[in-house]
1. Could you give the nm distance between label points at Asp40 and Gln19, where each point is 7 Å from its Cα heading toward the beta carbon?
2. What is the P(r) of the chain, as percent of Cα-Cα pairs per 10 Å bin from 0?
3. Gain in length, Leu85 to Ala52, computed as 0.36 nm per residue apart minus the alpha-carbon separation, to one decimal in nm?
4. Where does the chain land at 222 nm, in deg cm²/dmol rounded to the nearest 500, when only DSSP H runs of n ≥ 4 count, each adding -39500 (n - 2.57), divided by all residues?
5. May I ask you to sort Val90, Val108 by Cβ crowding, counting other Cβ atoms within 10 Å and putting the fewest first?
6. Of the candidates Arg81, Arg12, Arg34, which one comes out as most mobile in a Gaussian network treatment of the chain with C-alpha springs shorter than 10 Å?
7. By counting other Cβ atoms within 10 Å of each Cβ, how are Phe75, Phe24, Phe97 ranked from fewest to most?
8. Amide H neighbours of Ile17 under 5 Å, at least 5 residues apart or on other chains, H built in the peptide plane: list them.
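Please treat every number below as a calculation from the coordinates, not as lab data. If you're wondering where the values come from, they're calculated on a predicted model, not measured in any experiment. Neighbour counts are summed over all protein chains in view; Cβ atoms, including those assigned to glycine, are modelled from backbone coordinates with ideal geometry.
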Amino acid sequence: MKILGIDYGQKRIGLAIVQGTMAFPFKTLEKSTRDKLFTDLMAIIESEGVQAIVLGLPLDMEGAETLTTRQTLNFRDSLARRTSLPIHLVNEALTSFDARERLREAGVPQHRHKEMLDQMAAVCILETYLRNQ
């Protein structure tokens, strides 16, 4: 099953794809306009044959909702109006920290971290989802 992982952010959206049983970084979308974002996202979903979506849900350290949580849920609702694919939510606590550590351990140069961080966070979100299945 092909699953798209999404790390939703205010400026960028990191994407990762599950192929087989492993998650791989895929792409980072810059948020320019809402219409362009959803056009690009729907094109990726179609071209990659995505069958399900996993969206990181940013909760605070106690598991409570924040403003960012509500923005992510609004994004989920907008996405759900555009696709009939199942959208699963996964607590994304500490995924950005984990993603930074993975990039550092892999020897990725610091100047490339920004472009890859959101994708790697999406990989962490997908791996959490796969572990819990």
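1. 2.1 nm
2. Spelled out per bin, shortest first, that is 13, 47, 35, 6, 0.
3. Contour length minus the Cα-Cα distance gives 11.3 nm.
4. -16000 deg cm²/dmol
5. Ascending Cβ contact count within 10 Å gives the list Val108, Val90.
6. Arg81
7. The most exposed by this proxy come first: Phe97, Phe24, Phe75.
8. Residues meeting the amide H criterion: Gly5, Phe24, Phe26.
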